[in-house]
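Asker: Provided herewith is a single structure, encoded as structure tokens, for subsequent inquiry.
What follows is calculated from the coordinates using simple rules that are stated; it is not laboratory data. What you see is a predicted model; the values in this text were computed from it and never measured. Neighbour counts run over all protein chains shown; Cβ positions are idealised from the backbone, glycine included.
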Amino acid sequence: MKIKNLAILSVAVAALFACTKPAPVEEPLAPEADYNGTVTVNLTSGDLFTLEDAKVNVTVSEDGKTASIIMYKVKLAPKMPQMDITIPGIQVSQNGRVLTCEESIPLALGGEFPNFKVTGFTGTRTEEELSFSLVFGNTPTAFKGVFVKEEVEVEEEEK
């Protein structure tokens, strides 16, 4: 009787494993990608400031452990001039899909901006989208955008 029960159990276990599909392996994302989207800033006044058509670049280091994000020509307040802001030292995990950083000193106008220290950076990245939130100094800021496909220039044949 024990042998019969053992045989039935073996068949049941084999059937269970036959029906279980292995989890798909996600390929690493491209080490560099550009995104176009919206920056939303929660101003100290309580108002929201939105910057449409913002361009952001993500560049992952060669070892795949960290990344830098460049926000091109952004404003974090209506009266602020546009500038490029780089956020270095972002931790990368899950094949480049999860981005985190406890603290980073952003770079702009050729130097560090410690008064606008980045804290609480969290983000996700897919082949099609990038979204992240952070605090610049005391200013909560977020970005959500879509991947910008490279435009291939086609040269016209000379006639």
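Asker: Over the Cα atoms, compute the radius of gyration (one decimal) and Dmax (the largest Cα-Cα distance, rounded to a whole number) for the stretch 42-159, in Å.
Answerer: Reported Rg and Dmax, both Å: 16.1, 62.
Asker: On to the next question. Tell me, in nm to one decimal, what length is gained between T66 and S131 on full extension, where the rule is 0.36 nm per residue of separation less the Cα-Cα distance?
Answerer: Values: separation 65, 0.36 × 65 = 23.40 nm, distance 1.66 nm.
Going from the current span to full extension adds 21.7 nm.
Asker: At a Förster radius of 22 Å, what calculated FRET efficiency corresponds to the Cβ-Cβ distance of E32 and K117, to the nearest 0.05? Please list the in-between numbers first.
Answerer: Working: r = 25 Å, r/R0 = 1.15.
Efficiency at R0 = 22 Å is approximately 0.30.
Asker: By how many nm would the segment from D47 to S93 lengthen if fully extended, with 0.36 nm per residue of separation less the alpha-carbon distance?
Answerer: On the way: separation 46, 0.36 × 46 = 16.56 nm, distance 3.35 nm.
This chain segment gains 13.2 nm when fully extended.
Asker: Which value in nm describes the separation of the simple spin-label points at A77 and T124, placed 7 Å from the Cα toward the beta carbon?
Answerer: If labels sit at A77 and T124, their model points lie 3.3 nm apart.
Asker: Further question: Taking a threshold of 18 Å on the Cα-Cα distance, which of the pairs K55/K117; K55/K75; K75/K144 fall above it? Could you put the intermediate results ahead of the total?
Answerer: On the way: K55/K117 21 Å; K55/K75 12 Å; K75/K144 15 Å.
Beyond 18 Å: K55/K117.
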